1. For the condition outside any loop (DSSP other than H, G, I, E, B) and at pLDDT 95 or above, what is the one hit in L30, L75, L19, L60?
2. For residues that are of a type in the set (D, E, K, R) and exposed (fewer than 14 other Cβ atoms within 10 Å of the Cβ), scanning just region 162-192, find the one that is modelled with the lowest pLDDT.
3. Out of all the residues in region 219-256, which are closer than 11 Å to T191 by Cβ and assigned to a loop (DSSP other than H, G, I, E, B)?
4. Can you name every residue in region 96-126 that is buried (at least 17 other Cβ atoms within 10 Å of the Cβ) and on the phi > 0 side of the Ramachandran plot?
5. For region 200-219, which positions are surrounded by 14 or more Cβ atoms within 10 Å (Cβ to Cβ) and small (G, A, S)?
6. In region 221-258, which residues are hydrophobic (A, V, I, L, M, F, W, C), closer than 26 Å to K208 by Cα, at pLDDT 90 or above and surrounded by 13 or more Cβ atoms within 10 Å (Cβ to Cβ)?
7. Which ones in region 91-105 are within 15 Å of E132 (Cα to Cα) and either part of a loop (DSSP other than H, G, I, E, B) or among the small types (G, A, S) (or both)?
Amino acid sequence: PSEATRKFPLSGPTPDTPLARMPIDGKAQLVSYFEDGNKPRAAWRIGTEHEKFPFLTDTLRPVPYDGERSIRALLEGLRDRFGWEGVYEGANIIALSDPKGLGNISLEPGGQFELSGAPLSTVHETCEEVHEHLTQVREVGDRLGIGFLGLGASPVWTRAETPVMPKGRYGIMAPYMDKVGRYGRDMMFRTCTVQVNLDFASEADMVKKLRVSLALQPVATALFANSPFLEGKPNGYLSFRSEVWRDTDKARSGMLPFALEDAFCLERSGD
């Protein structure tokens, strides 16, 4: 790995910001970080995260991290074929970084393959970006006998059958999740999503966008529900992924009532 890739030791590429380089010792640092994100409307962008489950096309089994047909081989294939830069934790390649700084590819705990897209001006550009990404992963995946499932929850494999990616932070996350909800490990290892990140002009604009997104969440869940199976059987839900988030960590999921209070602001976030 090059010196450029060694500076990102854990997950995907880490933003090179003052907050990323220093210990957090108070809420004021977090508030300041979000305040620094205020942008004029002309500078607003959309960022998309697109996750999917890799699987072996002949056996329909999950893809292990190591081996000839593996997550490692998939990452290395994308690196060598399309010019991505590898991101490493020790000797393990755990993500890919666009050398132009336009997004990255990373791994979720169970090997879910994630595109963290570039900040783009329109949803049409985002659509093109995702299609280009899928073209790349299919080209490399086809050579390895690896396909991809765009579902909200893993439809067949048990937690025990699901591989664990060699990223150190998951050794911290999993035990914590056991303490705060019933489905934390399922969220980590057996769910996928498409997420959107939006810019804002001011604190008031952030509050409005957060409230609107919370209000629309049930509608979006109903429109795009696609996780009715678990361990090879109907699970009783159209969106099991949504049910997972109802009992993952109530301190940071759900409808977030504090966000709907009149006094909600960055200082009150998460109180």
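The values are calculated or read from the model by the stated rules, or taken from the named source; none is laboratory data. In this text the structure is predicted, and so the values were computed from the model without any measurement. Heads up, the Cβs are rebuilt from the backbone with ideal geometry, glycines too, and the neighbour counts pull from every protein chain shown. SASA here: full protein model, heavy atoms, side chains in, ligands and nucleic acids out. Shrake-Rupley method; radii C 1.70, N 1.55, O 1.52, S 1.80 Å.
1. Just one listed residue meets the conditions, L75.
2. That would be R169.
3. T248
4. Correct list: G103, G111.
5. Result: A201, single match.
6. Within region 221-258, F224, A225, W245 qualify.
7. Listed by number, the residues that qualify are D98, L102, G103.
Each row is one residue, and each column tells you yes or no for (1) more than 20 Å from V194 (Cβ to Cβ); (2) among the aliphatic types (A, V, I, L, M); (3) in contact (Cβ under 8 Å) with a residue 40 or more places away in the chain.
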site	(1), (2), (3)
E35	yes, no, yes
P40	yes, no, yes
T57	yes, no, yes
G67	yes, no, no
A73	yes, yes, yes
G77	yes, no, yes
E85	yes, no, yes
A95	no, yes, yes
L102	no, yes, no
